[in-house]
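Asks: Let me begin by handing over the structure; questions about it come next.
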Amino acid sequence: MASPANPASPAIPNPSWLNDETRRRSLDHVAGHTVDLAVVGGGITGVGVALDAVSRGVSVALLEGSDLASGTSGYSSKLIHGGLRYLAKMDFPVAWESAVERRWLMSRIAPHLVHPLAFVIPDARSAPAWEGLAAGAGVVIYDVLRRLSGLGSSVLPRPQLLSRQAVGAVVPALDGKALRRGYLYWDGQLADDARLVLGVARTAAGLGAHILRDVKVTAMTADSIDAVDTRTGSPVRIQAGSVVNATGVWSADFEPQLSVKPSRGTHLVVRAERLGNPHAAHTVAVPGHFGRYVFVLPQPGGVVYIGLTDEEDHTADGHHPRVPKHDVGFLLDIVNTTLAVPLSRDDIVGTFAGLRPLVEVAKGHGDAGAAGVAETGGTADISRRHLVRDVPGTPITVVGGKMTTYRRMAQDAVDAVTSRLGIEAPCRTKTLPLVGAGSVQQLSAVAAPARLVAKYGTEAAAVQALGRQFPHLAEPLFDGTDITGAELLFAVQAEGAASVEDLLERRTRLGFVPADARKARGPAEQILALAASLAASEGASK
């Protein structure tokens with residue numbers, strides 16, 4: 001991919017842009033100013049806290065030791081779901097909270113990023129009849145939750161009973177002869193979980209929050225943070241009215257009264273064509289674990305994710321958990337029970353895993369908010385409720401929960417912050433749209449391909465404009481992908497990307513398929529060089 005001979009300067013920056021220049025300015029600001037709130041952690045919980053706080057008028061600095069969404073938040077199943085599995089577990093509070101938060105995300109906060117996805121629950125002839133009846137009843141109750149939450153059927157359609165022929169039409173890989181029928185329901189699917197994190201962070205930045213990546217925190221108190229700029233090795237000290245620990249699986253490193261159980265969630269990646277290019281996801285019950293499922297999830301870009309495991313893992317790297325062979329075997333064994341042509345290990349083109357922070361709190365220590373259930377045994381049985389720990393003289397800690405409920409977690413944490421600061425400011429985030437959000441009419445009017453609108457919302461036009469400005473960037477990075485160089489350039493200029501890994505692992509998901517990542521590495525390096533040239537040209541012109 002050749003670079004243009006005379007690169008033009010980038011467009012005038014948007015206030016929500018994140019890049020090396022905004023990072024430098026934010027470092028300069030926090031060096032000389034006390035902020036109301038310092039947030040540690042650049043996953044969905046941390047950026048959610050930053051957005052909630054800054055939208056209430058609280059000055060905010062957020063520190064992340066690596067890239068945004070480089071931990072758990074970038075390696076989920078990419079679902080915004082109302083909690084069907086929690087109904088099966090009789091965990092009604094989590095199911096209800098999930099349904100309500102799904103409503104806000106799909107209708108107001110991020111309708112450009114969260115799209116309806118059909119799910120099929122196959123009713124196998126080999127299973128007891130009561131299991132199919134229970135699944136059907138659960139789907140009906142699930143839809144009642146959808147209606148009670150205020151989310152209309154124009155967003156998530158009502159469930160349906162499918163014949164086995166209809167099941168085969170939407171999920172061709174299933175063994176139709178082995179089915180009685182299927183139950184179809186709808187839930188929310190993220191275009192990309194990392195993009196939700198970026199959207200929340202950029203919306204916070206647009207309101208004045210200072211978002212600092214590559215600043216590793218080494219110590220925190222109730223009103224200060226010591227850190228290191230990992231790019232330069234320089235110390236960074238921040239004074240704040242309050243501090244929130246939102247470091248996920250690392251939370252207990254800064255709060256000794258917490259016990260965090262990291263739960264490894266492994267996914268397999270296969271080509272969609274190997275499964276007949278399904279039009280719907282499907283679930284497979286895990287034998288002996290009522291209410292636990294393996295999901296087979298179609299994704300943009302012609303791949304399908306199969307997951308996930310739920311195994312306690314205290315030794316894994318929180319940024320790059322290793323996928324053990326027995327996870328691969330477990331997922332293949334479960335999913336193959338429903339397929340007409342079983343998958344083999346040769347069909348797997350990639351794997352990824354994330355560590356979910358499931359929380360316990362030591363007995364006898366005060367906490368505020370909703371606590372995780374302090375159980376022993378497998379992590380699949382630990383509640384996904386979140387905990388906000390607010391003990392005077394220490395940082396406020398928010399941990400647990402799940403991606404769907406990040407906004408409520410942030411609201412509870414910031415309520416504790418404003419109480420400490422003596423501020424009365426109500427939460428605004430239920431109806432605060434993220435950058436790129438728009439109504440159906442607004443999104444349909446964006447002058448860009450539907451694929452880009454589904455990924456960038458109203459900002460798709462800006463990505464498309466980069467392709468016109470640099471025609472060579474309008475082309476796909478390589479044969480077999482739709483992702484263009486313009487998307488990578490936008491990631492550097494506006495979304496905080498600073499390395500090839502950022503571009504391939506989190507601004508795109510090409511890194512999930514190593515063969516694709518190898519093809520994209522060269523173009524990504526060239527685009528980073530182009531972005532640096534543009535930034536230097538912009539700086540010289542000032």
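The values are calculated or read from the model by the stated rules, or taken from the named source; none is laboratory data. A quick note: this is a predicted structure, and the numbers were derived from the prediction, not measured. Cβ coordinates were reconstructed from backbone atoms using ideal geometry, including for glycine residues, and neighbour counts include every protein chain displayed. Protein only, heavy atoms only, side chains kept; ligands, DNA and RNA dropped before computing areas. Shrake-Rupley method; radii C 1.70, N 1.55, O 1.52, S 1.80 Å.
Asks: Can you give me the C-alpha center-to-center distance between the range 450-525 and the range 213-257, rounded to a whole angstrom?
Replies: Each part reduced to its Cα centre gives a spacing of 31 Å.
Asks: In the chain, which whole DSSP H runs stretch at least 27 Å along their own axis (Cα) and average 0.0 or higher on the Kyte-Doolittle scale?
Replies: Answer set is 129-149, 514-541.
Asks: Next up: So what is the calculated 222 nm ellipticity per residue for the chain, using -39500 (n - 2.57) for each DSSP H run with n of 4 or more, over all residues, to the nearest 500 deg cm²/dmol?
Replies: -10000 deg cm²/dmol
Asks: I've got another one for you. Determine the percent antiparallel among the DSSP beta bridges restricted to the chain, to the nearest 5.
Replies: In the chain, approximately 80 percent of DSSP beta bridges are antiparallel ones.
Asks: Which value, in debye to the nearest 20, describes the size of the charge dipole of the range 437-519 about its Cα centre when Lys and Arg Cβ atoms bear +1, Asp and Glu Cβ atoms bear -1, and nothing else is charged?
Replies: 100 debye
Asks: Could you give the Stokes-Einstein D for the range 456-505 in µm² per second, using the C-alpha Kirkwood radius, 25 °C, 0.890 mPa s?
Replies: Roughly 222 µm²/s, to the nearest whole number.
Asks: Okay, next question. Per residue and in cubic angstrom, what volume does the convex hull of the Cα atoms of the range 75-119 have?
Replies: Measuring per residue, one finds 82 Å³ for the Cα hull of the range 75-119.
Asks: Among 51, 290, 251, whose Cα projects farthest towards the positive end of the dipole of the chain, with charges put on the beta-carbon of Lys, Arg (+1) and Asp, Glu (-1)?
Replies: Selected residue: 290.
Asks: Ok, one more. Relative contact order for the chain: what is it in percent, counting Cα pairs under 8 Å that are at least 6 residues apart?
Replies: 21 percent
Asks: Right, here's the next one. Please report the orientation-averaged projected area of the range 266-315, defined via the convex hull of its C-alpha atoms, in nm².
Replies: Mean projected area for the range 266-315: 4.6 nm², to one decimal.
Asks: Could you pull the Cα extents of the range 198-242 along its three principal axes, largest to smallest, in whole Å?
Replies: The Cα atoms of the range 198-242 stretch 27, 27, 12 Å along their principal axes.
Asks: With the full set of protein chains in place, find how many percent of the accessible area of the range 66-198 is carbon and sulfur; take the probe as 1.4 Å.
Replies: 60 percent
Asks: Here's a follow-up. Cα centroid distance between the range 264-326 and the range 54-86, in Å?
Replies: 20 Å
Asks: While we're looking at this one, here's another question. Just the accessible area per residue of the chain, please: how many Å² with a 1.4 Å probe? The partial results should precede the final answer.
Replies: Working: 21380 Å² over 542 residues.
Averaged over the residues of the chain, the accessible area is 39 Å².
Asks: Dipole of the chain, Cα-centred, from +1 at each Lys and Arg C-beta and -1 at each Asp and Glu C-beta, to the nearest 20 debye? The partial results should precede the final answer.
Replies: Working: 53 positive and 53 negative charges, 255 e Å.
My answer is approximately 1220 debye.
Asks: Just the number, please: carbon plus sulfur as a percent of the accessible area of the range 235-318, 1.4 Å probe, no ligands or DNA/RNA counted.
Replies: 51 percent
Asks: Round to the nearest 10 and report in Å² the accessible area of residue 504, as given by a 1.4 Å probe over the protein chains' heavy atoms.
Replies: Rounded to the nearest 10, that gives 10 Å².
Asks: Compute and list, largest first, the equivalent-ellipsoid semi-axes of the chain from the alpha carbon gyration tensor, each √(5λ) rounded to a whole angstrom.
Replies: The three semi-axes for the chain are 36, 30, 21 Å.
Asks: Looking at the range 24-168, I'd like the Rg to Rh ratio, where Rg is from alpha-carbon atoms and Rh is Kirkwood's inverse mean 1/r.
Replies: On the Cα set of the range 24-168, Rg over Rh gives 1.12.
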